[in-house]
Amino acid sequence: MTNITIYDSVKKEKVKFEAIKNNDVKIYVCGPTVYDDSHLGHARSAIAFDLLHRVLKANNYNVTMTKNFTDIDDKIIKKMNETGRSLEDVTSEYINAYKNDMDILNILPNSLEPKATENVQIMIDMIEDLMSKDIAYAISDGVYFDVSKDENYGSLSKRASDENSIARVESNQEKRNPSDFALWKFEKADDVAYESPFGKGRPGWHIECSAMINKHLAYKDEPFQIDIHGGGADLLFPHHENEAAQTRCSTKADLAKYWMHNGFVTIDGEKMSKSLGNSFFLKDILKSYSGEVVRFYLLTAQYRANFNFNEEDLIASKKRLDKLYRVKKRVYGGGKSAVNKDFKTDLLEALNDDLNSAKAISIIDEYINKANETLDKEPKNKAFKKELVATLEFIDEVIGVGSSDAYKYFQFGISEDDISKIESLIEARTEAKKNKDFESADKIRDEISKLGVSIMDTPNGVVWEKL
């Protein structure tokens, strides 16, 4: 197999990736808690692990990509109580909104998308197992995990349990250890609760991932349940540390062979426009920029790096993507042959090195520049044009950008009313040309130009773009 290296968050170094079984790769990425709209942090994580998905596929692995939805949580219950809406009403709205945002960002479909509320019984089963081993215990407000019973607790994040000062400050005096964490929260007023052998209540956050991985993904009779567990850097401790402890103590297997975490996103308020403000919400940014532009921008830094999001850099990044689409226009409607072998090798080599998307994009930039030079020198080189079409498709397959129509890409931001008006004028111009009324056709063309639009007659009909 191809030599792929990834940075393992536990070993704190790049390691060679080797699948547990054959060419099959099982990945679990912690998904959103669905009480509000998606933000840039969600986008960064989704794009990072979508790139991993695509790179593994490009290296001929069969990928099972799983992302959960936390649809029972304190914040969700708070929103229910504030709005008077049902749990399902609140969570379904934000799950649908999240999926729509992911489609706009060109995230590949997940193989599995388990919801916490649909898997409560398997969480109860795991908690019962831990209680039977005296690793979990009940007190007045819930069932807790005894971290002292896991000799490897802290091995994932390299943070010892007694370092968790927050846990000490908030500690319930009934707990055996200050850092013991809730597996099950007993019912309170205005709560959502489920029946269980140890009392009516609801699961804690950490147990859902351990239980769902064990049920839906885990390799049996292997030292690791899945190949890769991923999420944002903020999840390393305590969430992933606690997941790992639960799984070790319940199943005697390690949760994941590799752990991967993407960096944070911050907003540079000084370099954000009034239209975007300092909004962290993806929906606000997508009003002004296409999902493809946002995706490309977030890929300009390697996934582990922290990302300072500002509009100045976003615009500069868009200009790089514009160049790809301008060269795509030059081979519009042409056939394709095979991908340029040297380019394919170089691109995969960069991405196989811990998803070095920054280097990959610089390789794409260089290829686009050379393609333009070749097209300038050899405008009738059909073989090159066909290779270019195939190579652009390969870029889309692996990086996830470049799939839009070469002209529609430049139409982003034009209102539906203006699009209808432009297309009506184009039809009128076409009709005038058919009737050999070239004077009217020229006048209509001038009218279209005044709308800030350029049109071009091609063998496939008239195409247009925003100037």
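The values are calculated or read from the model by the stated rules, or taken from the named source; none is laboratory data. Quick caveat: nothing in here was measured; it's all calculated off a predicted structure. Ideal geometry is used to build each Cβ from the backbone, glycine not excepted, and the neighbour counts take in all protein chains shown. When the accessible area is computed, the model is the full protein with side chains, heavy atoms only, and any ligands, DNA or RNA have been set aside. Shrake-Rupley method; radii C 1.70, N 1.55, O 1.52, S 1.80 Å.
Does Arg159 satisfy the condition of being modelled with pLDDT under 95, assigned to a loop (DSSP other than H, G, I, E, B) and either over 16 Å from Ala245 (Cβ atoms) or not small (Gly, Ala, Ser) (or both)? Yes. The single residue among Ser148, Ser210, Ser250 that is modelled with pLDDT of 95 or more, surrounded by fewer than 19 Cβ atoms within 10 Å (Cβ to Cβ) and either touching a Pro at 6+ places or on another chain (Cβ under 9 Å) or among the hydroxyl-bearing types (Ser, Thr, Tyr) (or both) turns out to be Ser148.
When Ser317 is tested against (1) in contact (Cβ under 8 Å) with a residue 40 or more places away in the chain; (2) touching a helix residue (DSSP H, G or I) at 6+ places or on another chain (Cβ under 6 Å); (3) in a helix (DSSP H, G or I), exactly one condition is not met: (1).
You will find that of Lys380, Lys336, Lys323, Lys344, the residue that is more than 30 Å from Gly452 (Cβ to Cβ), in contact with an Asp or Glu (Cβ under 8 Å, 6 or more places away or on another chain) and either in a helix (DSSP H, G or I) or not aromatic (Phe, Trp, Tyr) (or both) is Lys336 and no other. Screening Asn100 on (1) in contact (Cβ under 8 Å) with a residue 60 or more places away in the chain; (2) part of a helix (DSSP H, G or I) shows it passes everything except condition (1). Residues satisfying the criterion are present in region 447-458 (criterion: open to solvent by less than 40 Å² (accessible area, probe 1.4 Å) and closer than 30 Å to Thr300 by Cβ).
Elements of the type strands (runs of 3 or more DSSP E) sitting completely within region 2-90 and holding at least 2 residues that are in contact with a Lys or Arg (Cβ under 9 Å, 6 or more places away or on another chain), within 30 Å of Gly154 (Cβ to Cβ) and open to solvent by 30 Å² or more (accessible area, probe 1.4 Å): these cover 5-8.
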